[in-house]
Amino acid sequence: MTQPQGGGAGTDVVDILTSDHQSMLELIGQIEAAADAERRRDLADTVIAEVMRHAVAEEMYVYPAIEKHVPNGAQEVEHDKKEHDEIVQLMKRLEDVDASSAQFMELVRELESQLRHHANDEETDQFPSLRAHIPADELVDLGEKVETAKKLAPTRPHPSAPHSELFHKTVGAGVGMVDRLRDKLSGRSTG
């Protein structure tokens with residue numbers, strides 16, 4: 001039996017990823033409500049880090065499972081990787097814009113739109129398909145792998161990095177370590 005949402009022991013991957021989606025969208029709502037630019041920047045850095053961790057974990061473990069178990073899985077994954085690429089490109093632009101500018105909020109709204117679209121695709125189509133085609137205990141195991149991957153994943157967008165399981169499993173942890181060091185040295189908020 002799975003626990004409802006969150007990242008506790010025994011939580012399946014679908015509940016973990018759905019909870020991630022909700023958290024990311026809540027952070028974006030906080031950006032839109034924030035009165036000062038410094039707070040908006042901190043929240044944007046946090047949401048960017050969360051999206052990166054989530055995307056990398058999906059690419060490492062969830063997408064291979066979709067390709068293996070879900071009908072038309074390879075096509076689903078290709079579509080998702082294209083969406084991830086668009087989101088990463090957008091987050092890179094957001095990183096480089098002054099949080100007090102109108103363009104910053106335009107990019108935040110665009111990010112919200114892309115994240116909502118991506119989350120809706122996954123939650124209405126792919127996640128039910130995962131549950132239909134993969135035994136519950138394997139979904140819990142997948143959830144544990146995703147949680148571990150999120151701890152090691154990069155926290156910054158790297159538009160030229162490939163969206164591949166092999167890249168993330170071989171080079172990604174090193175990139176993540178460098179990102180976390182840069183975050184600590186610069187005081188960047190990453191959640």
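So that you can scan it fast, the table gives a plain yes or no per residue for (1) at positive phi; (2) crowded, with 22+ Cβ neighbours inside 10 Å; (3) in contact (Cβ under 8 Å) with a residue 60 or more places away in the chain:
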{"residue": "37", "(1), (2), (3)": "no, no, yes"}
{"residue": "44", "(1), (2), (3)": "no, yes, yes"}
{"residue": "47", "(1), (2), (3)": "no, yes, yes"}
{"residue": "52", "(1), (2), (3)": "no, yes, yes"}
{"residue": "59", "(1), (2), (3)": "no, yes, yes"}
{"residue": "73", "(1), (2), (3)": "no, no, no"}
{"residue": "83", "(1), (2), (3)": "no, no, no"}
{"residue": "93", "(1), (2), (3)": "no, no, no"}
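Quick check on this structure: which one of 102, 132 is among the hydrophobic types (A, V, I, L, M, F, W, C), farther than 23 Å from residue 156 by Cα and out of contact with any Asp or Glu (no Cβ under 9 Å at 6 or more places or on another chain)? Exactly one of 102, 132 is among the hydrophobic types (A, V, I, L, M, F, W, C), farther than 23 Å from residue 156 by Cα and out of contact with any Asp or Glu (no Cβ under 9 Å at 6 or more places or on another chain), namely 132. Reported count of residues in segment 11-29, each being in a helix (DSSP H, G or I) and touching a Ser or Thr at 6+ places or on another chain (Cβ under 7 Å), is 2.
Looking at segment 99-108 only, could you name the residues that are in contact (Cβ under 8 Å) with a residue 24 or more places away in the chain and either surrounded by fewer than 18 Cβ atoms within 10 Å (Cβ to Cβ) or basic (Lys, Arg) (or both)? The answer is 100, 105. Of the residues making up segment 109-128, those that are surrounded by 17 or more Cβ atoms within 10 Å (Cβ to Cβ) and under 17 Å from residue 67 (Cα atoms) are 122, 126, 127. Assessment of segment 82-105 against the conditions (more than 30 Å from residue 36 (Cβ to Cβ) and of a type in the set (Asp, Glu)) yields at least one matching residue. For the criterion of being modelled with pLDDT of 95 or more and under 26 Å from residue 31 (Cα atoms), residue 110 passes.
The values are calculated or read from the model by the stated rules, or taken from the named source; none is laboratory data. Quantities reported herein were computed from a predicted structural model and do not represent experimental measurements. Neighbour counts run over all protein chains shown; Cβ positions are idealised from the backbone, glycine included.
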